[in-house]
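S.K.: Pasting a structure below so you can have a look.
Bear in mind that the values in this text are calculations on the coordinates, not laboratory data. Computed from a prediction, not measured in an experiment: that's the story for all the values here. Here the Cβ positions follow ideal geometry from the backbone for every residue, glycine too, while neighbour counts run over all protein chains shown.
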Amino acid sequence: MIVRAEPEAASLESALGRTSPLTKLAIAVGWFGGLAITTSLGPSLFITGVALATAAVVGRVPVGALARSLAPLWIAALSVAVFNALFHASNGDPAMAEVARIGPFRLTELAIRDGIGLAGRVLAIAAIGVTFARTTDPTRLVDALVQQARVPERFAYGALAAYQAIPRFAEDLATLRQARRIRGLRASWHPRILVGLLVLAIRHGDRLALAMDARGFGTGPRSRYRHVAWSRLDGVLAVAAAVVLVVALQLR
């Protein structure tokens, strides 16, 4: 079953939750850019710690929820470290001193250091993403994109509707598999199930398009039910994030 991890009410009412989603998105993109120019472990660990501490203290995200969200990504980071260390170009250089050997693979100090650095980058990106997701309401994010970033309403609210329809695919899949069981067929994966899911997705999309047209999306100015405005919190958070990035890059 596909289930969305919705932010908790306490997190949305926190200082980080009340900040404009565009501010948090800009900070995330800026930190991603800073991480892209270095493979050192220091900046990655520093940004990871700051992001998780901010989520827990300022965003009031439960520590257990953070751990559950990050658990699969920790496994991905470990896989990145092992893969890059094993297949690093320096392992094939006889001039590089061998530090360890795993079966037919020889490991050099440079390979291990780069592998750990890339794993740290993955952890930092995961921490930033989880912090953003756990303190941001998807509907408010779309409202901010439309009102503050001037994104076309058809595109923004259509993307939100598509995101909210993800759990429906799980329900459609369960319905199709039950129908196959009733007919005495195997309920495991089958190309016909994929075709059925595609047909249902097209039908849902058609209904969504008709509903948006009936509400006049994209035909002219619209009134706002939820207003998203800039505040002092946005400025404070942006300045603090810039300071964190500068300090992190000095840790190389």
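S.K.: If we count every other residue with Cβ under 15 angstrom of residue 34's Cβ, Lys/Arg +1 and Asp/Glu -1, where does the sum land?
M.R.: Local charge sum for residue 34: +2.
S.K.: Tell me, 197, 160 in order of fewest to most beta-carbon neighbours within 10 Å?
M.R.: Ascending number of Cβ neighbours within 10 Å: 197, 160.
S.K.: Among 122, 142, 236, which one moves the most in a GNM of the chain with springs linking Cα atoms closer than 10 Å?
M.R.: The residue with the greatest mean-square fluctuation here is 236.
S.K.: Consider just the alpha-carbon atoms of the chain and return their Rg together with their Dmax, both in angstrom.
M.R.: Cα radius of gyration and Dmax of the chain are 23.1, 70 Å respectively.
S.K.: Could you work out the relative contact order of the chain, using alpha carbon pairs under 8 angstrom and six or more residues apart, expressed as a whole percent?
M.R.: RCO, the chain: 32 percent.
S.K.: Ranked by Cβ crowding within 10 angstrom, fewest neighbours first, how are 227, 88, 190 ordered?
M.R.: Starting with the residue having the fewest Cβ neighbours, the order is 227, 190, 88.
S.K.: A further question on this structure: For a quick check, take a GNM of the chain with Cα springs below 10 Å and name the residue from 34, 120, 59 with the largest mean-square fluctuation.
M.R.: Judging by the Gaussian network model, the answer is 34.
S.K.: P(r) for the range 1-105: what percent of alpha-carbon pairs falls in each 10 Å bin, starting at zero?
M.R.: Values per bin, smallest distances first: 11, 31, 30, 16, 10, 2.
S.K.: Say R0 is 41 Å: what FRET efficiency, to the nearest 0.05, do residue 79 and residue 171 get from their beta-carbon distance?
M.R.: Once the sixth-power term is evaluated, E becomes 0.85.
S.K.: Around residue 60, with a cut-off of 10 angstrom between Cβ atoms, what is the net charge of the other residues, counting Lys and Arg +1 and Asp and Glu -1?
M.R.: -1
S.K.: How far apart, in nm, are two points set 7 Å out from the Cα along the Cα-to-Cβ line at residue 214 and at residue 13?
M.R.: Rounded to a tenth, the inter-label distance reads 3.5 nm.
S.K.: Continuing with the same structure: Sorted by average packing, counted as other Cβ atoms within 10 angstrom per residue and highest first, what order do 180-186, 208-214 take?
M.R.: Ranked from most to least packed, the peptides come out as 208-214, 180-186.
S.K.: Still on this structure, I have one more. Would you work out the relative contact order for the range 118-252, in percent, from Cα pairs under 8 angstrom that are 6 or more residues apart?
M.R.: Reported as a whole number, the value is 29 percent.
S.K.: If you consider only alpha-carbon coordinates, what radius of gyration and Dmax does the range 153-214 have, in Å?
M.R.: 14.1, 46
S.K.: Also, quick follow-up: Could the peptides 10-18, 90-98 be put in order, highest first, of the mean number of other beta-carbon atoms found within 10 Å of their residues?
M.R.: With the highest mean Cβ count within 10 Å placed first, the list reads 10-18, 90-98.
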